[in-house]
Every structure is written in structure tokens, then in C-alpha cells.
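Participant: Here you go, one structure.
Please treat every number below as a calculation from the coordinates, not as lab data. The structure displayed is predicted, hence computed values, not measured ones. Note: ideal-geometry Cβ built from the backbone for every residue, glycine included; neighbour counts use all protein chains shown.
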Amino acid sequence: MNNSIIKKKYLKSMKEKVWNNEERNKKVSIKLSGKKKTIEHRKKLSISHIGHKNSENSKEKNRQKQKEIMKNPKNRLNLSIKNSLDKHPQWKGGISFEPYPISFNRKLKKLIRERDNFKCIICKNIGNIVHHIDYNKKNCSPENLITLCRSCHGKTIHNRSTWRKYFNETK
């Protein structure tokens, strides 16, 4: 028999012995309850879950559990307060509320779209959104503006430094 097959069977049987032992799981759960994990430990856990997909049964259980939690108005209020404005992890100090300058008008946007042939810089599909490369609303120079489609513009909200670098390289 092939060594890799034997190894897989052995690991599967060990997993079943260790993880399907309710008494052991309860002891571990009690021992770990209330303990905070270090950042290093959380990173290791995150890496270990890469590529792992929950079964449909697990997904449904999680959905039902979340629904049950959110039925309680107190939980909904706590979540709302936790993620409000400056407490939200993506809060950038209220820059989205700043107005655009007068120079950022329809004429300028049309000029940028025509320059880019009405095509998204990323996926080459039809694009109609004019995006600031440096994410600075006040910098309306044509070199700082590009055309994106709605889908790609949504992607550029996250990892701004990566996207800045990408746009500057593709100029």
C-alpha cells in the first residue's frame, strides 16, 4: 500500500479519535473559555483555515445561530453602536462627507471617460465612474483621474495602497 494512503488513513482515524471525543472537547472548552488568543496565535489559526470550506449543513447552522442572536433587540443595538462611525474598522475620519471641488464636474468627468475610451482601466469593460488614484477628492488633475466600472470601483475601496501602486504602474 502507498505510504501517502496509509498516512491519510492514520490521520483520519486520529482526527476522529481526538475531535469526536465529547469529554475531551468539554474539558478543552472549559480550560480555554475567557482566555484571549495572542495576535500570533490568531494569525496561525487564520492561516490554518485557508482553503477550508464549511459544509452546507454547517453554513445553515451558522445562519440560524446568527438569526437567533440578531432577534434580540439588545444584540442589534450593541452591534449598531459597536460599528457606528469612528468605531467602524473602515472609518477614515469622515472624509467621505467632504464635498468635491467645483472643478470636479461633468465636463471633466466626460473628458476623462473619453480619454480612457469609456473603458475600465482594470477589466477593460465599459466604465462610467471617474476615480481619484490618490483617493484625494481635491486633486482633480487629469493625471490623477481614471475610468472604472462599478464592479472594479467597489474593489478599490479596500487595500488603497495596493491600488494606488497598481494605478501608478499602469499609467
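Participant: State, to one decimal in nm, how far the label point of SER80 lies from the label point of LYS31, with both points 7 Å from Cα in the Cβ direction.
Facilitator: 4.2 nm
Participant: Karplus couplings for the range 68-77 from phi (6.51 cos²θ - 1.76 cosθ + 1.60, θ = phi - 60°), rounded to Hz, Gly and Pro as x?
Facilitator: 4, 5, 6, 5, 6, x, 5, 5, 4, 5
Participant: Name the trypsin sites (Lys or Arg not before Pro) in the range 29-106 that are in a loop by DSSP and that have at most 12 other C-beta atoms within 10 Å, would you?
Facilitator: On the way: sites: LYS31, LYS35, LYS36, LYS37, ARG42, LYS43, LYS44, LYS53, LYS59, LYS61, ARG63, LYS65, LYS67, LYS71, LYS74, ARG76, LYS82, LYS87, LYS92, ARG106; in loops: LYS35, LYS36, LYS37, LYS53, LYS92.
Within the range 29-106, the qualifying trypsin sites (Lys or Arg not before Pro) (loop, at most 12 other Cβ atoms within 10 Å) are LYS35, LYS36, LYS37, LYS53, LYS92.
Participant: Residue separation times 0.36 nm, minus the C-alpha to C-alpha distance between LEU108 and ASN72: what's the value? Numbers along the way, then the final one.
Facilitator: Numbers: separation 36, 0.36 × 36 = 12.96 nm, distance 4.93 nm.
Fully extending the segment from LEU108 to ASN72 adds 8.0 nm.
Participant: At a Förster distance of 45 Å, what's the computed FRET efficiency of THR38 paired with ASN125, Cβ-Cβ distance as r, to 0.05? It would help to have the intermediate numbers written out before the result.
Facilitator: Values: r = 44 Å, r/R0 = 0.98.
Calculated value: 0.55.
Participant: Kirkwood Rh over alpha-carbon pairs of the chain, then Stokes-Einstein at 20 °C and 1.002 mPa s: what D in µm² s⁻¹, rounded to an integer?
Facilitator: 98 µm²/s
Participant: Starting from the 7 Å offset along Cα-to-Cβ, what nm value, one decimal, do you get for the label separation of GLN64 and SER161?
Facilitator: 4.4 nm
Participant: Another question, then. Label points 7 Å out from Cα along the Cβ direction at ASN139 and SER151: separation in nm?
Facilitator: Taking the simple label geometry, ASN139 and SER151 are separated by 2.8 nm.
Participant: Moving on. Relative contact order (percent) for the range 65-129, with alpha-carbon contacts under 8 angstrom and 6 or more residues of separation?
Facilitator: That works out to 12 percent.
Participant: Over 18 Å between C-alpha atoms is what I'm after, so list which of LYS26/LYS61; LYS37/LYS67; LYS124/LYS155; LYS36/LYS74; LYS31/LYS74 land there.
Facilitator: LYS26/LYS61; LYS37/LYS67; LYS36/LYS74; LYS31/LYS74
Participant: Helix-only mean residue ellipticity at 222 nm, the chain, DSSP H runs n ≥ 4 weighted -39,500 (n - 2.57), per residue, nearest 500. What is it?
Facilitator: Taken over the chain, the calculation gives -16500 deg cm²/dmol.
Participant: Amide H of LEU145: which non-local residues (sequence gap of 5 or more, or other chain) have their own amide H closer than 5 Å, using H built in the peptide plane?
Facilitator: The list, which skips near neighbours in sequence, is ILE133.
Participant: If you stretched the chain out fully between GLU56 and PHE118, how much longer would it get, using 0.36 nm times the residue separation minus the C-alpha to C-alpha distance?
Facilitator: Here the segment from GLU56 to PHE118 would lengthen by 18.2 nm.
Participant: Are there GluC sites (Glu not before Pro) in the range 103-171 that DSSP marks as loop and that have at most 13 other Cβ atoms within 10 Å, and which are they?
Facilitator: Sites meeting the loop and neighbour criteria: none at all.
Participant: Oh, and also: Which percent of Cα-Cα pairs in the range 100-170 sits in each 5 Å bin, short to long?
Facilitator: 3, 18, 29, 28, 17, 4
Participant: Let me ask something else. In terms of Cα to Cα distance under 18 Å, which aspartates and glutamates are near enough to LYS137, apart from those fewer than 8 places away along the same chain?
Facilitator: LYS137 reaches GLU98.
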